[in-house]
Every structure is written in structure tokens, then in C-alpha cells.
Amino acid sequence: MAVPSSPDQRSASTIGAAGLVLVGLALQEVGASIAVLLFPQTGAAGMVTLRLVLSALVLLAVCRPRLRGHSRSGWVTVLGFGTALAAMNLLFYEALVRLPLGAAVTIEVVGPLVLSVVVGRRAIGWLWAVLALGGVVLLGRGGLTELDPVGVLFAAGAGAMWAAYILFSARTSRAFAKLDGLAIAMTVGAVMVLPFGIATTGATLVEPTILGLGLAVALLSSTIPYALELRALRTLPPAAFSILMSLAPATAAAAGFVILGQELGVLQIVAVGLVVVASAGAVLTNPRSNTSDVPPGPQPV
């Protein structure tokens, strides 16, 4: 007979799970920083190709997904998931070519936030949307004049694709066992971006050093954070997990400063804080937060 855990044990377990999520966030931003450093050799499309292809190979080797016995609607869903995954990463990496890491993630987060407001169908949700919009405007010191407008559009597009990614990932988790759907979707995304990577980068993609660093990006940005998040969700309720994930803009800004030397002024720091507060507020006031069946997934960074 199992002995019930004490409050102290449960508290320690929750703290440990939260730590896993924070470690995963930090690793994602380290991976994104390495990707930015590789842009002169690979370009955005080449870096996305390396990340998705290598991530797909790792997932296929680990998960060995079953390809038979799935319905037509299941295949349509996983194809949509793979398409959203490819577009999300390609748009985000194009944004990173033009914007600081913290700014790009802050703008991108607005996509899932708007999705949360729409799904929640509560008036207070619009307060968080307005707060986030104010943060994004402040990020560019009014009118986004301090940021590359093309980069802003790419980051906003990545946010829209992130919202689509969340919807398709939830449906995929119901149609495929374990991580089979993710492995197949990652493979679909890899196949979709491969022609772009080859066309823009060519033989550089298979240079040993580039391959090694690309594998590091794939592991740090996708494989390891996803594994940590799955482990954390055994203890953390979805709402707590989502609140921790809302810290992504802040961790991205910190990584951009420490690793890439990308400084943010006081106004930009306040802007990041507004978006973090808006994201956390949207989670806390959404009645579906504690029953969400949306699986976790690494950000496109």
C-alpha cells in the first residue's frame, strides 16, 4: 500500500517541477542564441532546416512512431501540425535576423495570448490583450519606429503560427499515441523547409562544425525542453505550467543580453514586463487553464 506523500514532499515536488520548466526555458534561449550566431554561415532558412531535420531524426529514433492504423482526419491534422511547425520556425528565425531576441519573443507571444483571450470568452481577457498590445507598442518606443518593421511582421506571423501550432498540437495528441504525432509532424516540417535550406545554404549545411552546432540547437531548443516539460507536467497543474511559460519574453531578453550582447533600455524592459504580466493574467483568469488538454511544446526559439 502506497504511503500518501506529505505536504512538504508535495511542495518540494512542485518546486522541482517548476525548476525543470525554468531550465527548459533557459535552454531554449541558449539554443536560440547559438542559432543567431550561426546566421552568417547558414542564414535563417538554413538554421531552421538544421533544427527541424535533426530534431526529426532524434524523435524518429527515440519514438519510432507507428504509421499504420490512423484515420484520414488524423493524417490531415498531423500534416497541418507539421505545416504550422515549419512556418512558425521559419518566420521566427527570419525575425531573429532583424530583431533582438527579447523583442522577437515578446512580439511572438501575443499570438498565443490572443488565442487564450478568444478561447476564454471572458471580458477581462481583453484587458490582458490591451496590456500586451501596450507592451509591444512600448517595445518600439511608440509605433515600433525603433524596430525593423519587416522583423516585426515576421515575429507577428510567427505568433499567429504559434497559435495554430497550439491548436493542431492538441488535436494531434488526441489522434496519435505518446509522441508519435510530434515525431511525424516534425518530419513533415523538416521535409517542407529542406528545399529552402538547400537553396539558400547549400553544402554548408553538411559541414561537420555546422552540423554539430545545429544538433546542439535542435537538442537545446526542442528535444530536451520538451522532455523536461513533460516530466514537469506530471506534478504541475496546467495553469502553473502556463504561467511559468509566460516568462519566455523575460528569459529571451536575458539570454540576448548575456550571450549576444543585445541591450534593452528601460522602456523595453517595462514592455517585456507588461507582456509577461498580460500572459500570466490571461492564464489566471481563464477558467479552462486548469483543465487544458493542450500538450506542452517547445517554443520556436
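The values are calculated or read from the model by the stated rules, or taken from the named source; none is laboratory data. Quick caveat: nothing in here was measured; it's all calculated off a predicted structure. Cβ atoms come from the backbone with ideal geometry, glycine included; neighbour counts cover every protein chain shown. Surface accessibility is based on the protein's heavy atoms, side chains included, excluding ligands, DNA and RNA. Shrake-Rupley method; radii C 1.70, N 1.55, O 1.52, S 1.80 Å.
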Review point. Condition test on A190, is it within 22 Å of L99 (Cβ to Cβ), modelled with pLDDT of 90 or more and in a helix (DSSP H, G or I)?
Key: no
Point to revise | Residue in the range 80-129 that is least open to solvent (accessible area, probe 1.4 Å), counting only those that are farther than 25 Å from A282 by Cα and among the β-branched types (V, I, T) | key: T83
Study note, to complete from the structure: Picked from the range 52-74 (must be open to solvent by less than 10 Å² (accessible area, probe 1.4 Å) and under 21 Å from the mean Cα position of the chain (by Cα)), the residue nearest to T187 (Cα to Cα) is A56
Review point. Has the range 10-32 got any residue that is open to solvent by 10 Å² or more (accessible area, probe 1.4 Å), assigned to a helix (DSSP H, G or I) and touching a Phe, Trp or Tyr at 6+ places or on another chain (Cβ under 8 Å)?
Key: no
Point to revise | Only listed residue being closer than 22 Å to S173 by Cβ, part of a helix (DSSP H, G or I) and either open to solvent by 10 Å² or more (accessible area, probe 1.4 Å) or at pLDDT 90 or above (or both), chosen from T77, T42 | key: T77
Point to revise | Any chance L67 is under 24 Å from L167 (Cα atoms) and in a loop (DSSP other than H, G, I, E, B) | key: yes
Exercise for review: Please indicate, with yes or no, whether at least one residue in the range 197-204 is in contact with a Phe, Trp or Tyr (Cβ under 8 Å, 6 or more places away or on another chain) and within 27 Å of L37 (Cβ to Cβ).
Suggested key: no
Practice item. Among the residues of the range 197-213, write down those that are surrounded by 18 or more Cβ atoms within 10 Å (Cβ to Cβ) and either out of contact with any Ser or Thr (no Cβ under 7 Å at 6 or more places or on another chain) or more than 20 Å from G31 (Cβ to Cβ) (or both). Key: L213
**Study point:** All positions within the range 130-144 that are modelled with pLDDT under 75 and either in contact with a Lys or Arg (Cβ under 9 Å, 6 or more places away or on another chain) or crowded, with 19+ Cβ neighbours inside 10 Å (or both)
**Key:** G140
Exercise for review: Filter the helices (runs of 4 or more DSSP H) completely within the range 214-287 down to those with at least 2 residues that are open to solvent by 30 Å² or more (accessible area, probe 1.4 Å) and under 14 Å from T106 (Cα atoms).
Suggested key: 248-260, 266-284
